Amino acid sequence: MGNQSLYLSFIQRLPTFINCEKIRSTLEQGDEEEFYMAVHSLDGVSGNLGLTTIFECCNAILVEFHSSKFKNPSKLLGLVQEIEQERDRILEFLSGITVSEK
């Protein structure tokens, strides 16, 4: 199954896709373009992989960002923290799984 192999390859690279450090640093630096691109990229990956909680947090960040940019950084930071918590939960779960290639 080609789709299963593709999905598993994305799962293996999940830690690099959920790059909260870049999102956090661009928020702290006030770099609107890089912040938007980092959140938008994670939004797409999380949606494609069915990571609903992360996807919904990304959508909430993008809505807030579109409406007020960085005027409410604590709200944006809170959503980033939710993503980090979900990322940690997912990575802990995945650490107990061995992915074999066929």
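None of the figures in this text is laboratory data; all of them are computed from the coordinates on show. This structure is a prediction, so every number in the text was calculated from the model and none was measured. Cβ placement follows ideal geometry from the backbone for every residue including glycine, while neighbour counts extend to all protein chains displayed.
Figure the gain on full extension for Q29 and S41 (residue separation times 0.36 nm, minus the Cα-Cα span) and round it to one decimal in nm.
Going from the current span to full extension adds 2.4 nm.
Mean separation of Cα pairs under 8 Å and 6+ residues apart, divided by the residue count of the chain: what relative contact order is that in percent?
It comes to 29 percent, rounded to a whole number.
At 0.36 nm per residue, minus the direct Cα-Cα distance, what do E92 and N72 gain on full extension? Give it in nm, one decimal, please.
4.1 nm
Set Lys and Arg Cβ to +1 and Asp and Glu Cβ to -1, take the dipole of the chain about its Cα centre, and tell me which of N59, V39, L49 lies farthest positive.
L49
Among Y7, V80, L91, pick out the residue whose Cα is farthest towards the positive end of the charge dipole of the chain, where Lys and Arg carry +1 and Asp and Glu carry -1 on C-beta, about the Cα centre.
Ranked along the dipole, the leading option is Y7.
Let me know the Kirkwood hydrodynamic radius for the stretch 2-95, please, with Cα pairs as the basis and the value in Å to one decimal.
This gives a value of 13.5 Å.
Enumerate the aspartates and glutamates that K75 could reach by cross-link, defined here as Cα to Cα under 16 Å, with residues fewer than 8 away along the same chain left out.
Candidates past the 8-residue exclusion: E28, E32, E56, E64, E84.
Given Cβ point charges of +1 (Lys, Arg) and -1 (Asp, Glu) and nothing else, what value in debye, to the nearest 20, does the dipole of the chain about its Cα centre take?
Its charge dipole is roughly 180 debye.
Using 7 Å Cα-to-Cβ label points, what is the T52/L6 separation (nm, one decimal)?
For T52 paired with L6, the spin-label model returns 2.3 nm.
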